[in-house]
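The values are calculated or read from the model by the stated rules, or taken from the named source; none is laboratory data. Everything numeric in this text was worked out from a predicted model, so none of it was measured. When we count neighbours, we look across all protein chains shown, and the Cβ atoms used for this are built from the backbone with ideal geometry, even at glycine.
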Amino acid sequence: MTIIRLGIIGCGSMASDNHSQGLLELAQTMKVTATCDLILEQAQNLAAKLGDVIAVKDFQDLLPHVDAVLIALPHDLHYEVGIACLKAGKHVLMEKPMANTEAQCIELMETAEKANLTLMSAYPVRFWPIIRKMKEIVDAKTYGEVFQMSVWTEQLTIPPEGHWIRSAARLGGGQFFSHGCHYVDLLLWFLGEPIKGAHFGSNLGVPWMEKEGTSNVVIEFADGVMGYHMGTWGARGTRLGYSVHIHLTKGMLEYHRGEGKLYLHTQMSEERANQDTSSVTEILMEEKDSGKQTQFEIQHFLDCILNGDKPFTDAHSTLQGLRVIWKLYEAEEDNTVADLRGLGLAIAASKSIS
């Protein structure tokens, strides 16, 4: 069996805390052979977790030892390092977002395609088993037609003073761009073509963020289906945590990430001015593990390399999601509703956009 040599570029919390366990579970398909970070101690610490791994400060020193890389760097470095890795003939799994501008995303995509290399965005949510089960149920219309999907992500994220995440230029925006991109991607995957939408963001309660630290977005999809995401990095308490609700004409699916359970709610009482919201609840599925569960996306990345398949979260679908966010940001500045039609059309038609 072919064993893919993987290098990790950027050994901060995303790689060391969220990816390391998943990487250890994939030993039959891949081996991490090198880690890289400007803070060499961070690269060495991750290398020690993974065992028998070279640790370097300069990513160029990593390239001779790997077939593919996972890039988990500040967002403003994604393009520069990603292009260099692709030009060196390495497959790239890019932590979200792919890059901070459309022009950079397009160049990354075209470079990968010309070299017949795999370029994949790290959107782990699409690969979580419960999320995939929800998509299966929605597509099969097991409980009727979907008409509303809502996502809540409430957390307290306070980067240290001077951290790159506080900077709108380095982050590429605010909480919506950095974190909400996961859930815009999810809404597009579940609900199809977006028609119009609006975004409202604020750093009230989250003053450490240069741009918004709390975000609310509403998107209308084809046939009147509605999508919503509320995210904050300023939560001081939460009941929802990370939750996904999908309303269907014959029931409601609820994924409660904190509990690791997928619930089905049916037979709701008809409200007659008494605010009765009782219904029948059953558990459809329970998670076996928690955390980011990045092993599923990494395994898919490896499979795409080995089989020459198109990644499930490829550059084309990733760019559509980022275009939606950029359009919503523009409309917010102009106090208008964003026209979101046509953003998934041919990439070449919009090369002038940056």
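A few points about this structure:
- Verdict on Trp208 being among the aromatic types (Phe, Trp, Tyr) and under 19 Å from the mean Cα position of the chain (by Cα): no
- Subset of segment 1-32 that is of a type in the set (Ser, Thr, Tyr) and farther than 15 Å from Ile305 by Cβ - its residue that is surrounded by the fewest Cβ atoms within 10 Å (Cβ to Cβ): Ser13
- Residue match in segment 91-109 (condition: among the acidic types (Asp, Glu), over 21 Å from the mean Cα position of the chain (by Cα) and at pLDDT 95 or above): no
- Of all residues in segment 94-110, none satisfies being assigned to a strand (DSSP E or B) and outside the structural domain of Leu306 (by TED's automatic domain parsing).
- Residue check, Glu259 acidic (Asp, Glu), surrounded by fewer than 17 Cβ atoms within 10 Å (Cβ to Cβ) and either under 22 Å from Thr313 (Cβ atoms) or not assigned by TED's automatic domain parsing to the domain that holds Trp326 (or both): yes
- Looking across Arg272, Arg323, one residue alone is out of contact with any Pro (no Cβ under 8 Å at 6 or more places or on another chain), under 27 Å from Glu193 (Cα atoms) and not hydroxyl-bearing (Ser, Thr, Tyr). It is Arg323.
- Failed item, numbered, when Arg341 is tested on (1) basic (Lys, Arg); (2) in contact with a Gly (Cβ under 8 Å, 6 or more places away or on another chain); (3) modelled with pLDDT of 95 or more: (2)
- Lone unmet requirement of (1) in contact (Cβ under 8 Å) with a residue 40 or more places away in the chain; (2) in contact with a Phe, Trp or Tyr (Cβ under 7 Å, 6 or more places away or on another chain) for Cys36: (1)
- Cross-chain or 6+ apart pairs with Cβ under 9 Å, segment 269-282 first and assigned by TED's automatic domain parsing to the domain that holds Lys250 and of a type in the set (D, E, K, R), then surrounded by 10 or more Cβ atoms within 10 Å (Cβ to Cβ) and part of a strand (DSSP E or B): Glu282/Tyr263; Glu282/Leu264; Glu282/His265; Glu282/Thr266
- When residues of segment 40-56 are limited to those that are of a type in the set (Gly, Ala, Ser) and in a helix (DSSP H, G or I), the one farthest from Cys11 (Cα to Cα): Ala48
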